[in-house]
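Read through the structure below, which is laid out as structure tokens, and then see the notes.
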Amino acid sequence: MAASHDAPLETLFLPFTNAGLRWPQGPVLFLRARDGWPLREHASAEQLICAQSFRPFADALERSGWQVRQEQALETSSERYPLVLVLPPRQRDEARALFARALAMVAPGGQIVACQSNNEGARSGESDLQQLAGLGGKLTKNHCRAYWTAPADGSHDETLRKRWAALDASRPILDGRFHSRPGVFAWDRIDPASALLVEQLPADLAGRGADLGAGWGYLTAEVLARCPKVTALDLYEAESRALALAQHNLAGSTAKLDFRWQDVTAGIDGRYDFIVSNPPFHTPAREDRPDIGQRFIAVAAQALRPGGKLFMVANRHLPYEQILNDSFGQVRVAAERDGFKVIVGTRGGRA
């Protein structure tokens, strides 16, 4: 799912060619890393440590030979880096927590360099990094803003850093029924599309199922609560930060659960009696990608047993009818409300 032209990634590296920043000799940490040609122009595979929680981006980095670690693994590391690169997310609390993590991991005399597109919070990101650690410079190009700190000298506001570090911590939501954290999809509420889908789930669902794009576990929790004959569920989720929440939220389940940090569009293993899904239709950068949902539908059809059913919800305008009709023996719209539609597809003898 990586774009051929990644403007924030390309702009992130411009300070090293256009603004006189020096690329260090020692190890470099790249938070929310994405693969692309600028990495190969500046870093070696031995030097660059890439942190990425979104599986498609992590897979692309690994295919290119980069070292990839999950952010959770870095939280207990004592290693410090002369350069920390950051591609901050759009959600501001999550981004502030990421800046706090970067500041905790930069070595004395090292620098933090970040970049965002203008429509993804670049001005706020620049202001936040300046407030936290001071600003050493900035440049704008490609409708993006790159900005960086002066060499770290320990004069930052440590109280603020600690406060920001906790901004994306897991916390109870919905009267304590679930835990979530900023930055994951519908992090502090029940998504109305998922709520509509839940209303259409038959109580006699049974056997082994899957939740494609499981998020923090709401759909799976409702399937287990409403459908006592379900014996096992595999949860597929590309965002490891969300999957960890699902593991916490479903810890008391008596059904057999398997939590899979996996890109559904790459295909899944298994034969299922039913599948539930509220598939994504955009990238983490909010780029519209209806082909992602179309691929979810095709993968679901391949993974269902003959006679198995897909229960999915989607925005009413999304172009899913052709792939649904091509992939399933029977297709029906079970409900429509507030711009969403619930679709039930039944797999025929062949997929």
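The values are calculated or read from the model by the stated rules, or taken from the named source; none is laboratory data. Because the structure is a prediction, the values reported are computed rather than measured. In this analysis, Cβ positions are derived from the backbone assuming ideal geometry, glycine residues included, and neighbour counts consider all displayed protein chains. The area values use the complete protein model at the heavy-atom level, side chains included, leaving out ligands, DNA and RNA. Shrake-Rupley method; radii C 1.70, N 1.55, O 1.52, S 1.80 Å.
Numbers for the structure displayed
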item: Whichever aspartates and glutamates have a C-alpha closer than 14 Å to that of LYS256, once near sequence neighbours (fewer than 8 apart) are set aside; result: ASP211, ASP234
item: Proximal aspartates and glutamates relative to LYS138, as straight alpha-carbon distance under 18 Å, when same-chain residues fewer than 8 apart are discounted; result: GLU10, GLU120, GLU126, ASP128
item: Top positive-direction residue, dipole computed over the chain with Cβ charges, set SER64, GLY308, LEU103; result: GLY308
item: Amide H partners (placed H, <5 Å) of GLY137, local residues excluded; result: TRP148
item: Whole-Hz couplings from phi, Karplus 6.51/-1.76/1.60, listed for segment 108-117; x for Gly and Pro; result: x, x, x, 9, 10, 10, 10, 7, 9, 6
item: Residues of type aspartates and glutamates that LYS229 reaches as a straight line, Cα spacing below 13 Å, ignoring anything fewer than 8 places off in the same chain; result: ASP204, ASP273
item: Among beta bridges that DSSP assigns inside the chain, antiparallel share in %, nearest 5; result: 45
item: Cα centroid of segment 215-283 to Cα centroid of segment 1-55, whole Å; result: 32
item: Expected 222 nm ellipticity per residue - DSSP helices of 4 or more, -39500 (n - 2.57), all of the chain, to 500; result: -8500 deg cm²/dmol
item: Other-chain or far-sequence residues with amide H under 5 Å of GLU239's (modelled H); result: ARG55
item: Using a Förster distance of 30 Å, the FRET efficiency for GLN330-SER253 (Cβ separation, nearest 0.05); result: 0.45
item: Loop trypsin sites (Lys or Arg not before Pro), segment 1-86 (other Cβ atoms within 10 Å of the site Cβ: 12 or fewer; DSSP); result: ARG22
item: Qualifying trypsin sites (Lys or Arg not before Pro) in segment 173-230, DSSP loop, other Cβ atoms within 10 Å at most 16; result: ARG177, ARG189
item: GluC sites (Glu not before Pro) lying in DSSP loop within segment 58-143, provided at most 14 other Cβ fall within 10 Å; result: GLU75, GLU79
item: Length released on extending from SER44 to ARG80, taking residue separation times 0.36 nm less the Cα-Cα span; result: 11.2 nm
item: Sequence-distant residues sharing a close amide H with ALA335 (under 5 Å, placed H); result: VAL342
item: Karplus 3J(HN,Hα) series, Hz, for segment 302-319 with 6.51 cos²θ - 1.76 cosθ + 1.60 (x for Gly, Pro); result: 5, 8, 8, 6, x, x, x, 10, 9, 10, 9, 10, 7, 4, 4, 7, 6, x
item: Listed residues TYR272, PRO319, ALA169: farthest to the positive end of the dipole of the chain (Cβ charges); result: TYR272
item: Surface accessible to a 1.4 Å probe, ASP326 within the full protein complex, Å²; result: 110
item: Taking the chain and dividing mean pair separation by its residue count, relative contact order in percent (alpha carbons under 8 Å, at least six apart); result: 12
item: Spacing of the two label points (7 Å from each Cα toward its C-beta) at TRP23 and LEU174, in nm; result: 4.7
item: Computed magnitude of the charge dipole of segment 29-100 (debye, nearest 20; Cβ of K, R +1, Cβ of D, E -1); result: 220
item: Rounded if a/c under 1.5, otherwise prolate or oblate - segment 12-96, Cα gyration tensor axes; result: rounded
item: Mean Cα-pair separation over length for segment 1-159, i.e. relative contact order, pairs under 8 Å, 6 or more apart, %; result: 23
